[in-house]
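Written out below as structure tokens is the structure these notes cover.
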Amino acid sequence: MSQHSHHDPHHEHDHPHDHQAHHDCCHHQEGHTHEGEDVKPSRNAKYYCPMCPGVESDEPGDCPKCGMRLERNPAYRPPQKTIWTCPMHPEIQQDHPGTCPKCGMDLEPVGGAAEEDDEAADVWRLGRKTLIAGLLTVPILLLAFDSMVPGLSFEGFLSRRVQAWLELIIATPVILWAGGMFFARGWRSLVNRSLNMFTLIALGVGAAYVYSVVAVLFPGLFPPSFRHEGEVQLYFEAGAVVTTLILLGQWLEAKARRQTGQAIRSLLDLAAKTAHRLDADGNEEEVPVEELQTGDRLRVRPGEKIPLDGKILEGQTSIDESMITGEPVPVEKRAGDKVIGATVNQTGSFVFEAEAVGEETVLSQIVQMVAEAQRSRAPIQKLADTVAGYFVPAVVGVAIVSFILWAIWGPAPAMAYAVVNAVAVLIIACPCALGLATPMSIMVGVGRGAQHGVLIKNAEAIERAEKITHVITDKTGTLTEGRPQVGEIVPAPEQDASALLRLAAAVEAQSEHPLARAVVERARQDELELAQAADFESTTGGGVQATVEGATIRIGKRDWIEDAGVTIPDALTQQAERLQEGAHTVVWVARETTLLGLLAIADPVKQTSRAAIEALHEMGVTVIMCTGDNPRTAQAVASELKIDQVHAEVSPEDKQRIVRELQEQGHRVAMAGDGINDAPALAAADVGIAMGTGTDVAIQSAGITLVKGDLRGIVGALSLSRAVMRNIRENLFFAFVYNATGVPIAAGILYPFFGVLLSPMIAGAAMALSSVSVVSNANRLRRFSFPELGARSR
């Protein structure tokens with residue numbers, strides 16, 4: 001049984017997880033967090049910047065220091081006030097129930113949905129801008145490259161001059177309206193002396209646009225050597241395409257951000273909303289959970305959620321704690337035992353005393369742990385932002401120096417040459433390749449993963465997964481099927497196995513216990529016809545009995561069976577012990593005082609787990625099992641699968657502590673699990689990997705989800721992450737080679753030796769070529785093949 005009731009609700013704070021890479025990327029920039037400093041927003045802040053301490057807001061937007069989108073604060077709690085609205089007329093809103101004044105319908109509670117309205121509006125605005133920008137960019141491209149497309153030419157009815165004005169008219173809303181946010185962020189980055197990726201975007205797109213506008217309005221400023229058929233080259237299409245692509249990335253990012261708080265909301269939804277409180281005279285009243293206090297006496301009936309943590313005063317029952325512990329078998333409880341809020345009472349009614357309320361409950365502690373782990377994350381853009389911190393000043397410096405040198409020593413017309421070369425420098429340094437290097441590889445890699453049942457929550461999970469050294473896995477539902485099954489049927493001497501199973505199933509058909517369902521399911525598989533059972537009785541902590549075919553059939557624990565006068569031979573006792581060492585739960589079956597035999601029930605190991613663990617070992621990854629189950633069962637599973645380390649009877653806090661201890665030793669940790677008990681460790685690990693068969697909370701806390709619940713997907717996910725990160729580095733290499741060689745050439749470094757100048761047209765071509773290289777290289781990931789492990793399965 002999991003040891004939740006003895007945890008220290010504060011000990012998880014003794015192991016702060018310092019994400020070193022997060023700080024390394026930005027400590028050189030003014031106003032950013034310094035090494036060892038953890039950005040923690042106040043709980044009242046709705047949005048905050050994970051890179052810059054003190055930047056908080058009630059509305060979604062951008063950080064005024066670094067230009068990043070603000071993150072949703074996972075620890076934010078909206079005021080506990082329910083808004084009532086009409087489903088037909090949503091503009092009708094009030095703070096109390098009633099009827100709609102327009103249509104007369106009953107108003108419905110909005111709950112927590114209102115707090116997401118601003119995020120939804122943000123996503124909608126970005127999506128609208130992306131769509132409109134994309135639609136307007138198509139005619140700009142057609143106008144710019146009509147001569148390159150066979151059969152497409154506008155010269156017959158549109159002069160080059162008219163085409164230039166059309167490009168200006170169409171490109172202006174794309175760049176200034178749709179892309180205006182990038183210029184605003186770029187300007188703020190300059191004001192705050194915190195240069196970032198948006199500085200590059202604003203400079204590159206702005207240079208292309210301003211250069212092109214000047215070329216349309218004042219073409220006479222440009223020397224003949226920069227004219228094509230008498231017209232100055234325009235770069236509206238470059239600015240429009242870059243703006244649209246970056247908007248697309250921002251929109252996808254905003255959509256992903258809306259999911260950040262879902263893990264917290266799913267956890268909070270588990271809690272009971274009301275409770276049955278008893279007064280001093282034993283009278284019962286139903287009250288909201290928020291009104292409960294420590295020491296209140298509460299009654300819980302079968303099928304109800306337990307409202308708070310506490311201790312049973314009277315009654316006995318079995319409780320489904322799987323949503324907290326992840327273990328499928330209900331736990332039997334009696335007076336004096338601890339109970340956990342949000343777990344589900346199953347069989348009996350009981351009274352307990354509340355011992356923890358509000359933020360002191362186990363569920364609240366788990367919520368807080370997930371929130372803290374989530375907000376300690378570092379953004380994937382750190383590499384590009386770090387480079388931009390040095391690259392932007394360098395490019396601007398080169399452009400200024402180029403302008404001065406050409407203005408002083410350049411041939412006539414010197415100023416025109418100076419402007420053209422400075423603009424060429426900025427255009428060739430356009431960050432489109434740098435900006436696309438990471439997201440294109442991520443987009444293709446994530447899509448490829450989804451085709452094979454590997455869902456990746458964010459780009460950072462891919463980056464972290466590449467360097468994983470240790471994989472921690474839960475047992476139930478991850479290594480095992482998560483559904484108890486009858487493994488062996490052992491009849492007593494002179495007894496029949498089929499009769500034993502048939503009679504046991506007849507009794508267990510009256511019970512809702514998972515072990516009972518396993519017995520009934522096995523009887524159905526063996527096509528046995530079940531007799532009718534009468535006088536069904538359940539003894540908490542003992543077993544069940546009923547009358548079948550005129551005799552009392554008892555099924556339960558050994559002591560309870562022996563108390564009924566049944567004798568158990570030593571040979572069967574030894575066999576039961578052997579089965580228990582092999583991770584089986586043994587239940588005994590008797591007819592009146594005659595032993596019929598025993599049933600061994602176990603949660604079977606997935607055949608795919610063996611293949612996955614073998615493959616992980618071949619990749620140099622250490623496999624560790626953490627489970628709330630007992631040490632004997634855990635060791636049996638670990639021995640069968642050749643798992644490197646085992647931790648049994650662990651609580652959610654223990655799992656998170658084990659993750660952090662490994663991280664403090666310098667290891668990179670992936671956590672695979674499927675229960676709410678896994679959520680804190682999933683969020684704290686470098687990479688959380690959720691089984692798709694598990695709870696929504698586990699999936700939302702994880703960076704990677706395996707849709708098929710197949711552990712072999714971990715091998716595929718780690719292999720994919722390595723391929724994607726290799727691809728990103730290749731893309732960044734391409735982008736930097738183009739920029740690093742193009743900038744000095746654009747500045748005119750070859751002119752004194754070879755008389756070669758790089759016109760903005762060639763600069764734009766080089767910029768486009770770098771983007772094409774990046775996109776083409778990223779598309780190679782579409783051919784990534786996942787490791788074939790099927791042959792390893794038994």
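On full extension, the segment bounded by ASP58 and VAL191 gains 45.6 nm, given 0.36 nm per residue less the C-alpha separation. Applying a DSSP loop filter and a limit of 16 other Cβ atoms within 10 Å to the trypsin sites (Lys or Arg not before Pro) in segment 454-504 leaves LYS467. With an a/c value of 1.5 or above and a/b larger than b/c for the gyration tensor axes a ≥ b ≥ c computed over the alpha-carbon atoms, segment 583-687 is described as prolate. Apply the a/c threshold of 1.5 to the C-alpha gyration tensor of segment 432-512 and tell me whether it is rounded, prolate or oblate. Here segment 432-512 falls in the prolate category.
Residues TRP177, TRP406, TRP251, TRP187, sorted by accessible area with the largest first, give TRP187, TRP177, TRP251, TRP406 [1.4 Å probe; ligands and nucleic acids excluded]. Counted residue by residue at 0.36 nm each, then reduced by the alpha carbon distance between them, the extension gain from ALA740 to GLU304 reaches 150.3 nm.
Quick one: grab the alpha carbon gyration tensor of segment 508-607, order the square roots of its eigenvalues as a ≥ b ≥ c, and give me rounded if a/c is under 1.5, else prolate or oblate depending on whether a/b is larger than b/c. Verdict is oblate for segment 508-607. Here the extension length gained between TRP177 and ASN44 equals 44.6 nm, from 0.36 nm per residue of separation less the Cα-Cα distance. Between TRP165 and SER349, the FRET efficiency estimated from the beta carbon spacing at R0 = 51 angstrom works out to 0.05. Distances between placed amide hydrogens fall under 5 Å for GLY477 paired with GLY482, all partners being 5 or more residues away or on another chain. The listed residues GLU592, GLU237, once ranked by accessible area (1.4 Å probe) with the largest placed first, stand as GLU592, GLU237. Rounded to a whole number, what % of the accessible area of segment 511-638 do carbon and sulfur atoms account for, probe 1.4 Å? That fraction is 41 percent.
Sorting SER189, SER159 by solvent-accessible area of protein heavy atoms yields SER159, SER189, largest first, with a 1.4 Å probe. If R0 is 35 Å, the Cβ-Cβ spacing of ALA571 and ALA534 corresponds to a FRET efficiency of close to 0.60.
The values are calculated or read from the model by the stated rules, or taken from the named source; none is laboratory data. Bear in mind the structure is a predicted one, so any value in this text is a computation, not a measurement. Note: ideal-geometry Cβ built from the backbone for every residue, glycine included; neighbour counts use all protein chains shown. Surface areas here come from the heavy atoms of the whole protein model, side chains and all, with no ligands, DNA or RNA. Shrake-Rupley method; radii C 1.70, N 1.55, O 1.52, S 1.80 Å.
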